[in-house]
Amino acid sequence: MNKAFLSFLFTCLFGHVFGQQASSGAKPAKSCEVYFDFGKHYLRPAADSVLAQLVGFAKGKESFTIRITAHTDSIGSLANNLALSERRANVVKGFLVKNGIADSLISFAYFGEKTPATFNATEEGRQRNRRATVEVLMPVPMALIEGQVTDEKTGLPLVADVVFRSKDVSDTIQTGADGLFRKTVPIGTVLGIDAYARCYFLKTEMVKADKKAKSVPMPLRPAKAGSVADIDNLYFVGNQPVLLEASKPELPKILRFMQQNPSMKIEIAGHVNRPNSPPVSTTSWDFKLSEDRAKTVHGYLLENGIAADRISWKGFGNHEMVFPRAMEEVQQAKNRRVELRVLEGCE
């Protein structure tokens, strides 16, 4: 085995997964791997210095835990390899305890040959799989996000599904009859919150978690026959029926809204931005563009199982602009919109 590979085997990996959220509200701050001889669970001499560095790092922190995961190559029976990986985890734990890490701060898991780092076809690959990974986990400062889903008109609480979305979080909870929801996330998280309740238009709020608990009211508007709602954040490229990249995640929300209201029928209304201009002809290119934007949403719903008799589409050109004299891009983007118009509600 060459020196370069040995160097790789015993290199401590600082922060190689720093920022990945652990389920316990902690994240790895430092990680190292130690490797074992075939069929053995004894630490190699070089492993002592690797683990000693990790111990020194951990002792310099006010609060931490350590997690060990141990593995084997694929030679031998599943049962023997599982037992071998357990012995490897225990010998690493023993070293840590002997060097001043409290037993209560250490957790470990062992997987035998079930989770290889690479293929076992070569001796080099098998050596990489005969390993134990040791991580120092640091607590993550958490923030509380809470709120209530209510009827926009009456203020009464609603039973609803609340979806939390971020780069690291994807979770759904259902509120009780009080409409209340709570979620803890790492401070600094930018979180999208979507609320769905039967017979109501969906609602989305974006929040950034900070040190103080954040209250997020979620009033929902009843989706009765004759009511209309813009699809929030669904915007198009200028002069095209093509969604902006940032708007593509909005389509699954519309699908979920339709799935939660199986008796509802809607019209999808498309609009274009032609401010400071008279209404365009229904035979014009501009009017066709408004139709094509409505068809974009209509087609997505059809492709994802919504029955054709529940959804229709219609273009409105620039006849119903939100900002007829739009000057700023924000206003013009809102003119390039698609609406949901309820034809039959879900009473």
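The values are calculated or read from the model by the stated rules, or taken from the named source; none is laboratory data. No experiment lies behind these values; they were computed from the predicted model shown. Backbone-built Cβ (ideal geometry, glycine too); neighbour counts: all protein chains shown.
Of all residues in region 303-339, how many are in contact with a strand residue (DSSP E or B) (Cβ under 7 Å, 6 or more places away or on another chain) and either surrounded by fewer than 18 Cβ atoms within 10 Å (Cβ to Cβ) or more than 15 Å from Ser263 (Cβ to Cβ) (or both)? Please lay out each step first, then the result.
Within region 303-339, the subset in contact with a strand residue (DSSP E or B) (Cβ under 7 Å, 6 or more places away or on another chain) is 310-316, 336-339.
Keeping just the survivors that are either surrounded by fewer than 18 Cβ atoms within 10 Å (Cβ to Cβ) or more than 15 Å from Ser263 (Cβ to Cβ) (or both) gives 310, 312-316, 336-339.
Summing the residues that are in contact with a strand residue (DSSP E or B) (Cβ under 7 Å, 6 or more places away or on another chain) and either surrounded by fewer than 18 Cβ atoms within 10 Å (Cβ to Cβ) or more than 15 Å from Ser263 (Cβ to Cβ) (or both) in region 303-339 gives 10.
Do we find that Leu158 is aliphatic (A, V, I, L, M), closer than 25 Å to Ala197 by Cβ and surrounded by 13 or more Cβ atoms within 10 Å (Cβ to Cβ) in this structure? Break it down stepwise before answering.
On the way: aliphatic (A, V, I, L, M): yes; closer than 25 Å to Ala197 by Cβ: yes; surrounded by 13 or more Cβ atoms within 10 Å (Cβ to Cβ): yes.
In short, yes.
Could you tell me whether Thr150 is of a type in the set (Ser, Thr, Tyr) and surrounded by 19 or more Cβ atoms within 10 Å (Cβ to Cβ)? Spell out the reasoning first.
On the way: of a type in the set (Ser, Thr, Tyr): yes; surrounded by 19 or more Cβ atoms within 10 Å (Cβ to Cβ): yes.
It is true that Thr150 is of a type in the set (Ser, Thr, Tyr) and surrounded by 19 or more Cβ atoms within 10 Å (Cβ to Cβ).
Val237 passes all but one of (1) exposed (fewer than 15 other Cβ atoms within 10 Å of the Cβ); (2) touching a residue at least 12 places away in the same chain (Cβ under 8 Å); which number fails?
(2)
Restricting attention to region 139-174, report how many residues are under 18 Å from the mean Cα position of the chain (by Cα) and not hydroxyl-bearing (Ser, Thr, Tyr). Reasoning before the result, please.
We begin by selecting, within region 139-174, every residue under 18 Å from the mean Cα position of the chain (by Cα); these are 140, 142-145, 161-174.
Going one step further and asking which of them are not hydroxyl-bearing (Ser, Thr, Tyr), we end up with 140, 142-145, 161-165, 167-169, 171, 173-174.
Within region 139-174, residues that are under 18 Å from the mean Cα position of the chain (by Cα) and not hydroxyl-bearing (Ser, Thr, Tyr) number 16.
Please verify whether Asp103 is under 30 Å from Ala229 (Cα atoms) and either at pLDDT 95 or above or under 33 Å from the mean Cα position of the chain (by Cα) (or both), treating the condition exactly as stated. Step through it out loud before you land on a result.
Numbers: under 30 Å from Ala229 (Cα atoms): no; either at pLDDT 95 or above or under 33 Å from the mean Cα position of the chain (by Cα) (or both): yes.
No, not satisfied.
List every residue pair whose Cβ atoms sit under 6 Å apart, with the two residues 6 or more apart in sequence or on different chains, where the first one lies in region 212-228 and is closer than 21 Å to Pro157 by Cα and the second, anywhere, is basic (Lys, Arg) and surrounded by 15 or more Cβ atoms within 10 Å (Cβ to Cβ).
The qualifying pairs are Met218/Lys203; Leu220/Lys203.
Name the single residue, out of those in region 54-95 being farther than 18 Å from Thr115 by Cβ and in contact with a strand residue (DSSP E or B) (Cβ under 6 Å, 6 or more places away or on another chain), that is surrounded by the fewest Cβ atoms within 10 Å (Cβ to Cβ).
Ser63
Consider Asp168 carefully, then state whether it is within 22 Å of Gly345 (Cβ to Cβ), surrounded by fewer than 19 Cβ atoms within 10 Å (Cβ to Cβ) and touching a residue at least 24 places away in the same chain (Cβ under 8 Å). Talk me through it step by step, then tell me what you get.
On the way: within 22 Å of Gly345 (Cβ to Cβ): no; surrounded by fewer than 19 Cβ atoms within 10 Å (Cβ to Cβ): yes; touching a residue at least 24 places away in the same chain (Cβ under 8 Å): yes.
Answer is no for this residue.
For region 263-295, how many residues are touching a residue at least 60 places away in the same chain (Cβ under 8 Å), under 22 Å from Ala229 (Cβ atoms) and not hydrophobic (A, V, I, L, M, F, W, C)?
Number satisfying all stated conditions: 6.
Looking at Thr133, Thr118, can you tell me which residue is part of a loop (DSSP other than H, G, I, E, B) and polar (S, T, N, Q)?
Values: Thr133 fails: part of a loop (DSSP other than H, G, I, E, B).
Answer to the selection: Thr118.
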